[in-house]
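Quick notes on the structure that follows.
All of the numbers you see were taken from the coordinates with simple rules; none came from a lab. Keep in mind that this is a model prediction, so the values were computed, not measured. Here the Cβ positions follow ideal geometry from the backbone for every residue, glycine too, while neighbour counts run over all protein chains shown.
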Ligand SMILES: *Cc1c(COP(=O)(O)O)cnc(C)c1O
């Protein structure tokens with residue numbers, strides 16, 4: 001259990017992790033021992049490693065508490081404009097290490113645990129990931145919370161406290177198997193339940209016309225119980241709140257059963273209403289249209305808006321008139337950002353509160369509401385756009401459906417004024433889709449109900465204006481903006497890559513942690529042999545560490561001097577893991593055709609979860625595993641090609657894998673990946689990218705220069721042109737022998753000898769209805785991979801390009817993204833000023 005001294009020295013080199021002052025170390029030790037005794041109720045003889053993890057987590061949490069309380073007091077006293085980020089997903093990962101880093105107490109904790117004879121890294125491994133997200137969208141929300149706290153914004157993240165997060169993926173016999181993610185099993189030391197702020201949320205019932213207006217009656221009530229988690233800024237004494245709602249039955253739920261004598265049934269039924277916050281829907285970029293999901297979305301919005309209005313009313317401004325609250329100042333005090341359309345029911349819900357409960361006129365309510373909301377679009381894939389059926393809405397939220405119809409009525413009146421008699425345009429702009437069973441287009445509702453609409457990368461924001469929301473752009477061009485995504489450099493460099501962080505800090509100091517543009521200074525160091533070597537050494541250390549872990553966990557031997565070629569992201573047809581797989585097969589065939597030839601050795605790793613109901617994505621995983629099985633067991637191949645399926649890709653695995661990557665695969669069909677954020681993580685960690693001109697790849701190329709990235713394939717415009725003239729996969733198949741061989745092998749069972757028909761469906765898609773044009777980009781992809789190989793043979797040139805990647809990644813800090821949201825959408829200036837540090841009571845004073 002003892003930490004080797006060498007590791008400890010390494011972690012102390014950089015002062016960003018704080019200075020291990022004797023006094024701090026001794027305080028940490030005292031607090032740790034106190035928690036072991038009083039919180040865990042254990043002594044050292046019977047403590048398990050998990051007890052030690054919880055004792056440490058509570059010790060670190062103690063350091064947050066005063067800052068958290070004082071930050072919230074500060075907001076109450078200053079009453080700044082608040083930002084409310086509404087998201088159905090927060091993909092937070094672990095909190096312990098991130099909290100120590102942001103508080104600057106990592107070195108003190110390292111040293112204290114070392115002195116106690118404990119291995120802090122081993123304890124960190126016992127923390128469950130908070131996996132309340134599917135992929136990029138949920139991780140973006142997590143990065144944004146970190147940046148908003150670091151930029152001193154009075155921000156709140158609101159969402160759902162799912163009892164089960166994203167499933168754990170097991171690979172069994174080359175197939176995905178899902179296991180429930182029971183992440184709260186051992187308790188969550190980072191959350192604080194707040195039963196005193198419980199809020200009622202209604203469903204079902206009907207609308208009654210009364211002399212005083214509409215009334216929603218006979219509804220069923222579920223309570224929303226808030227759980228707060230701290231969000232510390234980076235060394236600025238700011239601690240914001242993420243408030244997640246959990247469903248609770250009311251005390252008298254189904255009391256009528258009780259009166260009928262079925263007490264047991266009444267108690268059992270309580271659980272049913274608590275199902276609302278039971279489990280995260282595991283779809284990425286796919287709309288399922290299930291009733292429980294609609295309830296989740298509304299549950300979160302309703303509870304959150306009541307909380308926002310309660311806070312507005314209790315603020316100095318809102319409470320100035322105790323008789324009746326004026327909401328005139330609401331837009332100056334509140335900004336609400338909708339992370340995709342998932343929280344779109346917040347728009348009719350705020351209107352309902354204003355109209356039915358607060359007595360505002362339609363004009364007043366609409367004017368205030370539209371100045372508060374802003375909407376971020378995350379995808380242009382039609383199957384991902386939320387379109388709730390009118391009949392389901394009518395059943396579950398009858399009053400909201402009425403309000404949506406009225407919003408549509410006013411909206412279409414405006415359209416008719418601008419384009420009289422243009423019925424086609426009216427129908428395209430309507431919130432209601434009339435063909436087939438009637439649906440509400442939630443993106444349309446969000447655009448109409450917001451003052452700002454943004455895409456998440458420059459190209460994506462252009463596509464929105466040109467294609468999917470073209471009519472809305474023509475109606476209100478002033479609403480449309482771009483906010484290119486970003487990632488937090490705290491987690492995605494400082495925390496996950498200490499070796500590279502140290503190498504950088506040694507040359508340019510530590511300002512880059514909060515001003516990532518500072519990394520541009522590294523551009524001057526590409527000819528500095530010692531620095532180039534330091535970057536290479538950091539990468540090699542990270543690769544060795546990963547190789548060791550892969551050997552321990554999967555019993556696979558990997559050659560750490562081979563190129564680590566990595567594609568990790570959700571499995572989806574548009575992300576084209578199949579194209580990567582076709583490159584693997586092609587490389588394999590080339591080695592087999594020329595056994596004595598010299599090939600640049602590669603370890604190709606692919607990881608990611610498939611939605612449990614997405615058959616094609618699951619088949620893609622099976623194919624990759626089947627190919628891996630053939631390639632890895634062919635003695636001719638040796639260690640020139642290895643293929644590894646990385647099981648259970650999640651935030652914590654990303655933190656281990658990305659720092660070890662040489663090559664990052666970002667190969668979506670141009671026009672389909674809204675931004676990507678995985679691409680940015682790899683760039684920041686000194687991997688080179690092979691990618692298409694899609695999403696943020698384009699802006700990455702602009703920042704680093706065309707010569708520092710491997711670009712292949714069609715552009716968005718070329719994809720459009722191909723769609724127009726008609727795509728025929730057979731043409732490519734017939735004219736490219738390597739492609740044909742590879743497809744034939746998949747087709748005829750070469751990789752699935754026990755089940756030769758296994759991959760017929762996949763091949764049928766590729767040949768006959770491929771929406772993502774894999775064969776059209778195949779040739780260009782393979783040629784580009786050959787260029788990658790050539791460069792890998794020149795380690796120095798490769799390393800210089802790595803440095804150019806790192807040095808050009810400043811733009812992709814989520815601090816930059818959030819500063820732009822603040823200035824251009826929310827009306828809030830970022831601030832790097834610190835709050836005063838609280839007086840930290842010494843452990844013995846506290847008693
Ligand atoms: C960053 C991240 C993603 C997003 O990756 P993309 O390549 O942009 O799709 C998905 N999952 C996890 C765990 C991540 O950390």
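Taking 14 Å as the cut-off, the amide N atoms of region 437-478 that come nearer than this to a point 7 Å along the Cα-to-beta-carbon line of residue 428 belong to 464-476.
Shape descriptor for region 119-184: Rg over Rh equals 1.07 (Cα atoms; Rh from the Kirkwood inverse mean 1/r). In this entry, region 590-631 is assigned a mean projected area of 3.8 nm², taken as a quarter of its C-alpha convex hull surface.
Along each principal axis, taking the top coordinate minus the bottom one, the Cα set of region 484-621 gives 47, 43, 30 Å in descending order.
Ranked for footprinting exposure by Cβ neighbours inside 10 Å, fewest first, 730, 492, 826 give 730, 826, 492. Across all Cα atoms of region 572-611, the radius of gyration (one decimal) and Dmax (whole number) stand at 12.9, 42 Å.
If I model a spin label as a point 7 Å beyond the Cα along the Cα-Cβ vector, how far apart are those points for residue 629 and residue 797 in nm? According to this spin-label approximation, the distance is 4.0 nm. Shape analysis of region 374-443 yields a ratio of the Cα radius of gyration to the Kirkwood radius, Rg/Rh, of 0.99. Both radii come from the Cα set of region 448-541: Rg as radius of gyration, Rh as Kirkwood radius; their ratio Rg/Rh reads 1.23. In region 768-837, the inverse of the mean reciprocal separation of distinct Cα atoms equals 16.9 Å; this is its Kirkwood hydrodynamic radius. Put in line by how crowded their Cβ is, counting other Cβ atoms within 10 Å and starting with the fewest, 833, 406, 208 read 833, 208, 406. Once the gyration tensor of the Cα atoms in region 182-269 is diagonalised, the equivalent ellipsoid follows with semi-axes of 35, 22, 8 Å, ordered largest first.
Peptides 790-800, 372-382 ranked from most to least packed, by the mean per-residue count of other Cβ atoms within 10 Å: 372-382, 790-800. The largest-to-smallest principal axis extents of the Cα set in region 75-182 are 58, 42, 20 Å. Divided by 2.2 N^0.38 Å, where N counts the residues, the Cα radius of gyration of the chain comes to 0.97. In region 420-468, the C-alpha radius of gyration followed by the widest Cα-Cα span (Dmax) gives 12.8, 36 angstrom.
Computed on the Cα atoms alone, the convex hull of region 592-729 gives a volume of 163 cubic angstrom per residue. Shape summary: region 586-664 maps onto an equivalent ellipsoid whose semi-axes, from the alpha-carbon gyration tensor, are 26, 17, 9 Å in decreasing order.
For the peptides 627-634, 569-576, 719-726, 342-349, the ranking by mean Cβ contacts within 10 Å, running from highest to lowest, is 342-349, 569-576, 627-634, 719-726.
Debye-formula intensities of region 267-317, expressed as log10 I(q)/I(0) at q = 0.27, 0.28 Å⁻¹, are -1.03, -1.07 (one equal scatterer per alpha-carbon, no solvent).
May I ask you to list the residues of region 274-304 whose amide nitrogen lies under 17 Å from a point 7 Å from Cα along the Cα→beta-carbon direction of residue 437? In region 274-304, the label zone of residue 437 (backbone N under 17 Å from the point 7 Å along Cα→Cβ) covers 287-295. Computed from the Kirkwood radius of its Cα pairs, the Stokes-Einstein diffusion coefficient for region 130-276 at 25 °C and 0.890 mPa s stands at 132 µm²/s.
For the peptides 608-618, 123-133, the ranking by packing is 123-133, 608-618, with the highest mean count of neighbouring Cβ atoms within 10 Å listed first.
Over all distinct Cα-Cα pairs of region 356-400, the Kirkwood formula returns a hydrodynamic radius of 13.7 Å. Ordered by the count of other Cβ atoms within 10 Å of each Cβ, fewest first, 586, 150, 31 give 586, 31, 150. Kirkwood radius, region 333-428, all distinct C-alpha pairs, inverse of mean reciprocal distance: 15.0 Å.
Modelled label positions at residue 37 and residue 329, each set 7 Å beyond Cα in the direction of Cβ, lie 5.0 nm from each other. Mind checking the log10 I(q)/I(0) for region 11-87 at q = 0.25, 0.26 Å⁻¹? Debye, one equal scatterer per Cα, no solvent, two decimals. Taken in order of the listed q values, log10 I(q)/I(0) reads -1.10, -1.14. Shape summary: region 646-708 maps onto an equivalent ellipsoid whose semi-axes, from the alpha-carbon gyration tensor, are 20, 14, 9 Å in decreasing order.
In the distance distribution for region 714-833, Cα-Cα pairs more than 19 Å apart total 69 percent. Using the Kirkwood radius over Cα pairs, work out the Stokes-Einstein diffusion coefficient for region 23-136 at 4 °C and 1.567 mPa s, in µm²/s as a whole number. Calculated translational D: 82 µm²/s.
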